[in-house]
1. Using the Karplus curve 6.51 cos²θ - 1.76 cosθ + 1.60 with θ = phi - 60°, work out ³J(HN,Hα) for each residue of the stretch 414-430 in order, rounded to whole Hz, and write x for Gly and Pro.
2. Give the relative contact order (percent, whole number) for the stretch 127-283; include only Cα pairs under 8 Å separated by 6+ residues.
3. Which whole-angstrom value gives the distance between the alpha carbon centres of the stretch 375-405 and the stretch 121-169?
4. Long-range amide H contacts for residue 97: which residues qualify at under 5 Å (H placed 1.01 Å from N, peptide plane, sequence gap of 5 or more or a different chain)?
5. Taking all pairs of distinct Cα atoms, average 1/r, flip it, and tell me the Kirkwood hydrodynamic radius of the stretch 127-283 in Å to one decimal place.
6. Quick one: 3J(HN,Hα) in Hz for the stretch 158-163, Karplus 6.51/-1.76/1.60 with θ = phi - 60°, rounded, Gly and Pro as x.
7. Normalised radius of gyration for the stretch 294-483, please: alpha carbon Rg relative to 2.2 N^0.38 Å, two decimal places.
8. What residues qualify as long-range amide H neighbours of residue 477, i.e. H under 5 Å apart, gap of 5 or more or another chain, H built at 1.01 Å from N?
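Please treat every number below as a calculation from the coordinates, not as lab data. Just so it is clear, the model here is predicted, and its values are computed rather than measured. Glycine gets a Cβ as well: all are built from the backbone with ideal geometry, and neighbour counts include every protein chain shown.
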Amino acid sequence: MYHVPGFLMSVPAVTPPERFPGCFRSVYGRLPQQPAYLSQFDYLPASPVSLVDEYDDDADLEASLREPLRIFQRFFRLQETGEMNEESIQAIKRPRCGLGDPPPSDQNESRRGKRYALSGARWGKQELTFSVINTPTYNVMPRKKVNWAIWNALKMWSSVIPVSFRKVPSWQPADIVIKFASYYHGDSYPFDGPNGTIAHAYLPNGRFGDLDGDIHLDDSEAFNNHGRWGYNLYKVLAHEFGHSLGLDHSAVPGSIMVPDYQGFSEKPFTLHSDDIRAVQVLYGFYDTTVQTSKKTCDKAYDATVMISGRLHIFRNNRVWMINKSGKLKTKALGMRSKKLFAGIPSSIDGGYQRPSDGNTVIFKDMQYYVYSGSNQLNGYPRPVADYSLTTVVDAILHLREYNKTYFFKDDQVWRFDENSYSMDVGYPHATTSVFTGIVPPISNAFQYFDGYSYFVTDKQYQRYNPYHRNADPGYPRYFSQDFMKC
């Protein structure tokens, strides 16, 4: 036995399971061993036994657990103390999903403020089929009520993405197979009886063959459609369909993709804006505004700049704007950029919104302009030498969490510290050494609402995952198609 912050426990030999399917887990009356829990849900990179072997001294072991505990507390919206207090113990007891929470590479990203996470998997089509093998038997639910829960859970997702769902008979192949089963049920993740694992879903990542996208629900549990007792099937399915579509867990309160089961509530059950942004990153948006003209779609863009919660897309003397819901808020041909920024030059190189004062900084050739709102400040333009730059830049990216601004030219990148207002020592670096997997040259760049960084080259874009610190698979994709409704 050894002591960790908050309580004393013995630690069994536990091998953490492979991180994959989403599933709610209830531990009523059974407090899991703290390191085992942290290891099982990806807060620790090692098993509890290996930690015991690594740290002979209890104080060292406690210290090694503080940061994982802080990450756990952040994910469960708790005060980040790094100590296993009563609030954290109760959080560990909550019914929850068995998919790990932060990706293993996130262990040291202590203040990043991560939002939802994407598994990196998606379906490559816009119509998905599903079948229903059976209905619950422990707490008998008529097929009619089961179908109601399924269709309403699917409708939540299909209402915000251009993906439709079609039911097929249970004997036909389907993209998503839904079944109720208990204990061992034909895969490597058996259920464990009442109040244990409630459900799990497989991500569509190609790793599980015919199981990709499938949803299994524990038939030992009491499912219903009201949720005052037992488990609300509609809510559980909505969460699991999120995994089937390729979503990981979100740390945002109110998201249906949070890891813990939320239980009964009188409030309407709807997708959080975080859920909507996540799934729309994977599958795009409905075209709720005027279709962008073919003339607009056929050419590349000069610059992409995030300003006051909107993505501004510049080309020549025109600008288009996209809001947080992914809707294009300008006409098909855009608007004249000078109506938005007085005196702005045509065909800008890039820009960013300066965090210190909220002003917009626009770069063109060897000069930069500063705007407060739509008004250009006196004394501008000024030379880019103020930023210690000696060349015309191709693209600019500002990362909020670090308060750093990146300037790209050919295959190199410079990093500017907005706090000290100076270029970081040692730069430039090769772009690929700073943003692993991103292929230069970069023509424009931006950090989107989801926290991911997007790099555009000509008409295509790559996406950089700040949580995995690597370029996401499945790219490049066409910028106009995904962002401009083309």
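1. 10, 10, 10, 8, 6, 6, 8, 6, 8, 6, 5, 5, x, 8, x, 10, 5
2. Numbers: 271 pairs, mean separation 36.8, N = 157.
Across the stretch 127-283, relative contact order equals 23 percent.
3. After rounding, the separation between the Cα centres reads 49 Å.
4. 25, 260, 261
5. Working: mean 1/r = 0.0633 Å⁻¹.
One decimal place: 15.8 Å for the Kirkwood radius.
6. With coefficients 6.51, -1.76 and 1.60, one gets 5, 6, 10, 9, x, 10 Hz.
7. Numbers: Rg = 15.6 Å, N = 190, 2.2 N^0.38 = 16.2 Å.
So the Cα radius of gyration is 0.96 times the expected 2.2 N^0.38 Å.
8. For residue 477, whose amide H was placed from the backbone, the distant partners under 5 Å are 461.
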